[in-house]
1. For chain A, evaluate the Debye formula with one uniform point scatterer on each Cα (no solvent term) and list log10 I(q)/I(0) at q = 0.07, 0.08, 0.12, 0.15 Å⁻¹, rounded to two decimals.
2. Please work out how much length the chain gains when fully extended from B:N415 to B:D180, using 0.36 nm per residue of separation minus the C-alpha to C-alpha distance, in nm with one decimal.
3. Just need the Rg to Rh number for the range B:379-484, please, alpha carbons only, Kirkwood Rh.
4. Over the range B:289-445, average the accessible area per residue using a 1.4 Å probe and give it in Å², no decimals.
5. Could you give the distance between the Cα centres of the range A:143-169 and the range A:193-249, to the whole Å?
6. Hey, what's the Kirkwood Rh for the range A:49-189 if you take every pair of different alpha carbons, in angstrom?
7. In whole Å, what are the extents of the range A:125-249 along the principal axes defined by its C-alpha atoms, from largest to smallest?
8. Can you tell me what the convex hull of the Cα atoms of the range A:78-118 projects to on average, as an area in nm²?
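The values are calculated or read from the model by the stated rules, or taken from the named source; none is laboratory data. Model, not experiment: these values are computed from the prediction. Counting neighbours? That spans all protein chains shown, and the Cβs are built from the backbone with ideal geometry, glycine included. Protein only, heavy atoms only, side chains kept; ligands, DNA and RNA dropped before computing areas. Shrake-Rupley method; radii C 1.70, N 1.55, O 1.52, S 1.80 Å.
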Amino acid sequence: MLLNIKDLHVSINGKEILKGFNLGVNKGEVHAIMGPNGTGKSTLAAAITGREGYEITQGEIEYKGKDIEDLSPDERANEGIFLSFQYPVEIPGVSMTNFMRTAINAQREYRGEESIPAGEFLKKMEEKKNLVDIHSKLTKRSVNEGFSGGEKKKNEIFQMAMLEPMLAILDETDSGLDIDALKVVARGVNALRSDENAFVIITHYQRLLDYIEPDFVHVMWDGRIVKSGGKRLALELEEKGYDWVKELY
Amino acid sequence: MKDGKGKNGVLEEVTSGEYKYGFVTDIEMDMAPKGLNEDIIRFISSKKNEPDWMLELRLKAFRHWQKMKEPKWAHVKYPPIDFQDIIYYAAPKKKKQLESLNEVDPELLDTFNKLGISLEEQKMLAGVAVDAVIDSVSVKTTFQDTLAKHDIIFCSFSEAVQNHPELIKQYMGKAVPYTDNYYAALNTAVFSDGSFCYIPKDVRCPIELSTYFRINAANTGQFERTLIVAEEGSYVSYLEGCTAPQRDENQLHAAIVEIIAMDDAEVKYSTVQNWYPGDKNGKGGIYNFVTKRGLCKGRSSKISWTQVETGSAITWKYPSCFLMGDNSIGEFYSVAVTNNYQQADTGSKMVHIGKNTKSTIISKGISAGKSNNSYRGLVRISKKAANSRNFSQCDSLLLGDQCGAHTFPYIKTGNETSIVEHEATTSKISEDQLFYCRQRGINTEKAIGLIVNGYAKEVLNKLPMEFAVEAQKLLAITLEGSVG
């Protein structure tokens, strides 16, 4: 199993948000995690990626068969965990190109590999930019600075394509996207899907799942999964709304 | 996560790094006794075999200094300086030569490597006998030949006093008279050595002039004096300092830099300052009290200051431009980093005297640890300076929550046709930015380096190419701490 979350309890400032969360993800799978706002979806993403301030009080996160609690956020990233942020931050003065090269070289250094040759890097940039419909001028600009909402999200998928993670977590990547941008994001994800990686897609709406077909759908409520099923579950949710979930709880 | 670091825990850890190079005293000295009086000044002057007029100037400056009071207006704190407890003349003899780089402190070498300094340069900086002496001599010779071909004078200040007294007499003290301020008077009285550079009419200096290439440049001492004269239509780009760590046991540094630009002349002056800032607890470190001023004397002349300040315990420095010629231009681009207990009070003065004069001030302060970083700037537009413009932008970046950033702008406009703009921002490196970088595999130290360099980019871009690359690395190293 690539990711195995067992009885996870996570608190922020003493307040428990995740309350016994369980999830198993194998390579080659796409899992959708749905649920109303405030049920702990983003907390889950933060806990897996090792964000400070999220304290695990019970349970564990196993990735590639090992408990990752002691790994720093950058080590986790270099082990192949990627997060597409719900709110990507701006880093003024740092060009996307420079940022990407720094990230790729950090990954290579972690694996004991040489830095990426300039030619290879530029070729890769071109290739992945086409994948997500990003224009050249965007990569010359500073990281996310002055990007529109849609551009920011596309840029997240672009970075995912560049870094080729094993486990990608998409946190509300579809929120605030128009249908064209949504399609581009989905196209990026679908192109990257393989037997060697897995995706956890956190979303509020099932809209994105029209374009990215999940293997499993989980419904979250109050810090844990209350129902799991196949693709159909998402449609059912769409139809019945989240109140239906509350009854399950 | 579970490591339980507080919100500022990581930042604090990263920014509490120490300057990694302690002091070494490996120079034999030919010294004057401690203290300052007319005899000491006569001693310095005679050691340097100076003409009478120079001794007279030194004595005049000294007498004036005695009547002055130490300035206290800067936003810095330090114990009183006992000016009688300082040795004012110490001629560096020969450095103890090491046989090979193997004898050099490996940490120092590590820093050199991080900065990307070439092996030959490393040897020179670390005081290793360069086996390829012929190489280094020939580099210098080629360099001197190139300059000679263009009739450019570039030599030590002492040599200039001996060989070009008429030029020194004509220009020394024109931009910074000894009466200007306390430290300017002190410097004029006791200055040790420095550089002199003269670019003749219509000559574009084909190389970046750097003190590194100047013969006898190795030991310039604590009271340095630089004079650059650019004749009509000439151009020169001058580099001062170096990104390599500078150790010095003199605590007080009071330098003077004077630039004079005639009609249509342009001088670009770039500094990277990395003096010892004191230890993690604020002990020791250099006091850097510098007066730098350029006179845009001629029409359409231009002087541009670019500085990257990372070192010194206390920095007190305001590179200025006096825009006397009509249509002249003054520029100031600065990045000042303070960490641990460092204090910097730095900025610029732009004095508009001629018509249609233009000035730009871009100042980027970065404070970390428990340091204090102040911008102090004066823009004065005189009555006669019609249609003049100034644009000032002062940004402060804070790392952690125990440091301070302050802005003291002074603006005086004497006419109604001129426009002065001032913008200021203060921002923090956010945990969000750091986490974003780390989630992409970039560790905290590299992330801070990246973010800080992005912030300072506008200024770093003004540095000559090679210098800029080194300065970028230096910024990252300065803020480097103990996080592995």
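1. -0.23, -0.30, -0.69, -1.09
2. Values: separation 235, 0.36 × 235 = 84.60 nm, distance 2.58 nm.
Fully extending the segment from B:N415 to B:D180 adds 82.0 nm.
3. On the way: Rg = 18.5 Å, Rh = 16.6 Å.
That ratio equals 1.12.
4. Working: 4900 Å² over 157 residues.
Dividing the accessible area of the range B:289-445 by its residue count gives 31 Å².
5. So the two Cα centres are separated by 22 Å.
6. Details: mean 1/r = 0.0622 Å⁻¹.
With all distinct Cα pairs of the range A:49-189 included, I get 16.1 Å.
7. Per principal axis, max minus min of the Cα coordinates gives 50, 32, 24 Å.
8. On the way: hull surface 14.3 nm².
Mean orientational projected area (the range A:78-118, Cα hull): 3.6 nm².
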